[in-house]
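Each remark here refers to the structure printed beneath this line.
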Amino acid sequence: MSKISYSKEVIRDLIEGKLPWSQTKSIISGYKDEDRFDKYVEVLQEKVAWQEKILLPLTHELYIVQKGSDRIVKCSCGQEFGDYRVNWKLNALIHVRESEEEVKELYPYPSAPDAEFCEIREFYCPGCGTQLWVETVPFGYPLVFDFLPDLDTFYAEWLKRPLPSQKEFTDLTCDFIAQNWAE
Amino acid sequence: MGDQRDIVLIGSDAGGTMTDMLVVDKAGEFIVGKASTTPRDQSIGFANSMIDAAEYWGMDWQKEAKNYLPGIAGIIYSGTSMLNTLLTRTGKKIGIILTKGFEDSLIHERGIGVHASYGYQDKIHPVSHIHNEPFVPKKLIRGVTERISMFGEAVVPLYQGEVREAVADLLDRGVEGIAVLFLWSYLNPQHEMMAAAIAREIMKERSQEVPLYLSCEIVPITRENSRLNALVLQAYGAEPAREQLFGIERMLHQDGYKHPLQVALADGGIANIRYPALFKACFSGPVGGILGAKYLSQEMDMPNLLCTDMGGTSFDLGLIMGGECSILREIELARTVLNIPTLVMDSIGAGCGMYLSIDPESKRVDIGPDSAGADPGPVCYMMGNETPTVMDCVLILGILNPDYYLGGKVEVDWDAAYKAIKEKCADPLGIDPYDFAEGVLDLINVRMREHIGTVLSVRGYSPADYYVIGYGGAGPTFLAGYTAGLPFKGVFTVPWAAAFSAFGCAAADYLHRYQKSTLVALPPGSDDGMKQFMAMTVSASWAELEEIAAREMEEEGFKREEISFKQVAYVRYSQQLEDVEVISPLPRLVTAQDMDKLIEAFEETYSRKYVHAAMFPEVGYQIFEIGLLATVSRPKPLLRKYPLEGKTPPGEAEKGTRQVYFGGEWRKANLYEMDLLRSGNEVEGLAVIEAPSTTMFVPLGKKVIVDEYKRCWLKEV
């Protein structure tokens, strides 16, 4: 079975949404290209101005990167959000829409969530002001920790090349809150 | 000058890849022609295919057509030009006027539209789903205020000023036709008629004439979304196709053909190419085979017949029960759901052109879902494809004769096929290429066999009640494989299997199918008064449809007394989602007892289609649609009987031997020419029976018996 592989240009166009649909569809429906992850990360790495190695993309703008012996969340603008096992949202700027007026400003009826029941939280990067994420949850609900990847297992067992230093795979968000905001 | 033949009928089927031609003479002898389909101008493919066919009777068709065409009674064409228009988006510029608020219907489309025509894996992965771009852009769609209720009452009047504005605006934008569709117009066409009158007035004032397409005339049946799609198909795609058909007709008339060209319709009918609802002809090729099988079923006393059609991309099954086939009222075509009544067919992706690949993760052999078609075709075609296909496997196993593919007219490269299979599939798995190829055939046979089993068992039928006919270019090659182990009454193919769809078109009745929505409900315990009232409602609709049918068919040149009608009702148990097509035992329902007879016929059909225990008379009955079949008889191919001769094939039919890889080793197979086998002959496996357009494979342990109609029956030794 021949190895499936696409050129870096194709992967770049795929990331930027420039491929025609027929080609995107055939990539989606075909067998997974073996070197997709590495090419994908290479393309992303070329798009950012900083040098730290990207371990895994998190959102359109956020990446988990290797900084010294730490693995931190970093925005494409260079803003850092701390250890990847702490919910990065704690270190973002947050705008909450909780009244009906604030909700309707963006979402017309009937697309708007019920302002009696829940709020809309928008997360912005303190470095560049880019909107990084939006979540809609009931009032008082803790910040959602969307994605805590098991990086060591992924690198060791899927990519077959373990990361240099192991980190315990655990959610450190509560520890972070206890240490920094317990007062 | 070739043999003197009395050619009476020509059936032709332009598929996606090949245009097949079946020519029938007065004595009932057939010849089959094949040529590449030419989508831009289909008259070229038609002519080439005809030239190819005529050669077998030693005729030079280009020179001699004039001698034969004046005497031919009918030429039927089924083609793909309409589908091609949709796929290439080269239809007419159409404006649409809809009920206000429904302007985005084409954009929203049915949910199923986002994955229509996808394979199973893509269907279950929403990431690959996508909305289709509508054939008519939003700027050419206008909404006008009006509303007809579900009982057919005008609850909001038609705002005529808005119609004027809409028509003027669409004309300003240079549309080549205007389609009008209002909700529930099939129950009350008043508003559509008024809109049409206004449109005509405006066109007259502006001296700017474009055709109008009214849904109440073209698709007066329920299901708003697919109804709109069908109307758009008629306006957008059918008219350009009609121009191509006129091109073929002109060509034939120049050489003296005297009748109008006819087309096959998806519902199994045949119509003149001037037929208003020509969109029904957009899906006729695959239906042709079922029509052919239906004709054999009726003529040869095989009331239950399973049709199996294996071509390049799909394996299609059709069921003929008691000499009739069922109708499906919506189909998916070019990623759109259309309101086109179609003969029921169950298809899976299993064709001779399917690509083979090995899943890099699981090392599983995948067949399809895509097919190499005719361009680029299998690897052995040497037209640039390097991915092996099922056909390449058939070739390297020795089943296909590399020097006699399509009668030797298409060159195939054995070495290229072997190399591709070895390098792309067999080597990575570490197995012998021939074992791999044989394994692929087993896999695809199992897939087809399971499909047959499923289609029969979900309906509660037993193979023991059915005969099986195998056709399509690859049908006879795989017939023994996909029927193995199933206890059918009999399994056979015919020498003209490769052009069986074309044969079906030639054998079909001149039939138009009409449908109309209605509202008839018989709650449990309905009294005679209620039944009689409903009977009269149904009869009134039939009378209306007969009027339309007679008018249309008279316009096509038939006399009213030549037309025979079959009245149809779509009956269901109250609140059930599916209804059943019931042919009415009476031409008109007058009394309550007449209504009872219709219900009786429904329950008989229902219990045959499902099972007796599924009947549910306690809830009462509903009829939301009634129909009419209008038929005029036309000449059909004669099925000639030949005297039975001895079991041993004549020497001229023997073509020597070839090594064929079967059961894990190379064995000697006897070769025969199918056309030269005589009635009564028997051929024992291992054997290959070759015809110019197909190859029948007879495995070890099986034999073929040629009967008096030259049907080739596959039996156990």
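The values are calculated or read from the model by the stated rules, or taken from the named source; none is laboratory data. Computed from a predicted structure; not experimentally measured. No Cβ is skipped: glycine too gets one built from the backbone with ideal geometry, and neighbour counts run over all protein chains shown. Side chains are part of the model used for accessible areas, which takes the heavy atoms of the whole protein and leaves out ligands, DNA and RNA. Shrake-Rupley method; radii C 1.70, N 1.55, O 1.52, S 1.80 Å.
I'd like to know how chain A sits against the 2.2 N^0.38 Å rule of thumb: what's its Cα Rg over that expected value?
Working: Rg = 19.3 Å, N = 183, 2.2 N^0.38 = 15.9 Å.
Working it through for chain A, the quotient is 1.21.
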The rounded separation in angstrom of the Cα centers of segment B:154-218 and segment B:89-113 is 16 Å
Per residue convex hull volume, Cα only, the protein assembly as shown, in Å³ is 222 Å³
For A:Arg36, what accessible area in Å² do you get when you roll a 1.4 Å probe over the heavy atoms of the protein chains, rounding to the nearest 10?
40 Å²
Would you work out the Kirkwood radius for segment B:612-717? I mean one over the mean of 1/r across all pairs of different Cα atoms, in Å.
17.4 Å
Under 12 Å from a point placed 7 Å out from the Cα of B:Ile705 along the Cα-to-Cβ direction: which residues of segment B:615-657 have their backbone N that close?
B:647
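Of the DSSP beta bridges with both residues in segment B:79-200, give the percent that are antiparallel, rounding to the nearest 5.
Numbers: 2 of 11 bridges.
Antiparallel bridges: around 20 percent, rounded to the nearest 5.
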Which loop-located chymotrypsin sites (Phe, Trp or Tyr not before Pro) does segment A:71-141 contain, where loop means any DSSP state but H, G, I, E or B and the Cβ has at most 14 other Cβ atoms within 10 Å?
A:Phe117, A:Phe139
To the nearest 10 degrees, how steeply does helix B:528-555 sit against the main Cα axis of chain B, on a 0 to 90 scale?
70 degrees
Nearby lysines by direct alpha-carbon distance to B:Lys422 (threshold 17 angstrom, same-chain neighbours under 8 apart not counted):
A:Lys3, B:Lys363
Report the antiparallel proportion of the DSSP beta bridges in chain B as a percent, rounded to a multiple of 5.
75 percent
Shielding of B:357-364 by partners, i.e. mean partner chain Cβ atoms within 10 Å per residue?
3
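Would you rank B:Leu328, B:Leu291 by solvent-accessible area, highest first, keeping every protein chain in place and using a 1.4 Å probe?
On the way: B:Leu328 75, B:Leu291 15 Å².
Final ranking, largest accessible area leading: B:Leu328, B:Leu291.
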How large are Rg and Dmax for segment B:146-216 when calculated on the C-alpha trace, in angstrom?
12.3, 38
B:Glu561/B:Ala540 FRET efficiency (R0 22 Å; Cβ-Cβ; nearest 0.05):
0.45
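Provide B:Glu690, B:Glu546, A:Glu34, A:Glu116 ordered by accessible surface of protein heavy atoms (probe 1.4 Å), highest first. Intermediate results must be reported in sequence, preceding the final value.
On the way: B:Glu690 5, B:Glu546 30, A:Glu34 115, A:Glu116 160 Å².
In descending accessible area the options line up as A:Glu116, A:Glu34, B:Glu546, B:Glu690.
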Restricting things to alpha carbons, find the Rg to Rh ratio for segment B:79-139 using the Kirkwood radius for Rh.
1.03
Quote the accessible area belonging to B:Lys566 in square angstrom, nearest 10, computed with a 1.4 Å probe and with ligands, DNA and RNA left uncounted.
90 Å²
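Mind listing which GluC sites (Glu not before Pro) in segment B:116-163 are in a DSSP loop and have 13 or fewer other Cβ atoms within 10 Å?
On the way: sites: B:Glu146, B:Glu153, B:Glu162; in loops: B:Glu146, B:Glu153.
Counting only loop positions with at most 13 other Cβ atoms within 10 Å, the GluC sites (Glu not before Pro) in segment B:116-163 are B:Glu153.
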For the protein assembly as shown, report the accessible area per residue in Å² (1.4 Å probe, heavy atoms, rounded to an integer).
44 Å²
Where the centre of each part is set by its Cα atoms, how far does segment B:1-54 sit from segment A:108-127, in angstrom?
67 Å
When we measure straight from the Cα of B:Lys26, which lysines land under 25 angstrom away, once same-chain ones fewer than 8 places off are left out?
B:Lys34, B:Lys63, B:Lys66, B:Lys258, B:Lys294, B:Lys636, B:Lys641, B:Lys710
The base-10 log of I(q)/I(0) that the Debye equation returns for chain B at q = 0.06, 0.08 Å⁻¹, one scatterer per C-alpha, is -0.38, -0.68
Hey, if you put +1 on the Cβ of every Lys and Arg and -1 on every Asp and Glu Cβ in chain B, which of B:Thr537, B:Ala35, B:Tyr642 ends up farthest toward the positive end of that dipole?
B:Thr537
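Using a 1.4 Å probe on the protein heavy atoms, what percent of the accessible area of segment B:145-184 belongs to carbon and sulfur?
Numbers: 960 of 1820 Å².
It is 53 percent, rounded to a whole number.
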Give the angle, between 0 and 90 degrees and rounded to the nearest 10, that separates the Cα long axis of helix B:433-458 from the longest principal axis of the Cα atoms of chain B.
40 degrees
Sparse-neighbourhood loop hits (GluC sites (Glu not before Pro), segment B:568-626; DSSP loop; Cβ within 10 Å at most 16 others) -> B:Glu578
Would you mind giving the average projected area, over all directions, of the Cα convex hull of segment B:159-291 in nm² with one decimal?
10.1 nm²
Kirkwood hydrodynamic radius, computed over distinct alpha-carbon pairs, for segment B:557-677: how many Å, to one decimal?
20.2 Å
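Beyond 21 Å between alpha-carbons counts as too far, so tell me which of B:Lys280/B:Lys597; B:Lys100/B:Lys123; A:Lys160/B:Lys424; B:Lys92/B:Lys139 fall in that bin. Mind showing how you got there, number by number?
Working: B:Lys280/B:Lys597 31 Å; B:Lys100/B:Lys123 33 Å; A:Lys160/B:Lys424 26 Å; B:Lys92/B:Lys139 15 Å.
Those over the limit are B:Lys280/B:Lys597; B:Lys100/B:Lys123; A:Lys160/B:Lys424.
Express the C-alpha Rg of segment A:1-47 as a ratio against the empirical globular expectation 2.2 N^0.38 Å, rounded to two decimals. List each step's numbers first, then the result.
On the way: Rg = 10.6 Å, N = 47, 2.2 N^0.38 = 9.5 Å.
Computed over Cα atoms of segment A:1-47, the ratio equals 1.11.
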If ligands, DNA and RNA are left out, what is the accessible area of B:His115 with a 1.4 Å probe, given in Å² to the nearest 10?
40 Å²
Between the alpha carbon centres of segment B:471-489 and segment A:31-82 the gap in Å comes to 56 Å
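Can you tell me the alpha carbon radius of gyration of segment B:248-294 divided by the globular rule-of-thumb value 2.2 N^0.38 Å? Numbers along the way, then the final one.
On the way: Rg = 12.0 Å, N = 47, 2.2 N^0.38 = 9.5 Å.
Computed over Cα atoms of segment B:248-294, the ratio equals 1.27.
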Between B:Glu716 and B:Arg164, what is the label-to-label distance in nm when each label sits 7 Å out along the Cα-to-Cβ direction?
8.1 nm
Using mean Cβ contacts within 10 Å as the protection proxy, how do A:21-30, B:501-510 order, highest first?
B:501-510, A:21-30
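Report the per residue volume, in Å³, of the convex hull enclosing the C-alpha atoms of segment B:626-674. Numbers along the way, then the final one.
On the way: hull volume 11.0 nm³, N = 49.
So the per-residue Cα hull volume is 225 Å³.
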Pairwise Cα inverse-distance average, inverted: Kirkwood Rh of segment B:7-137 (Å):
18.1 Å
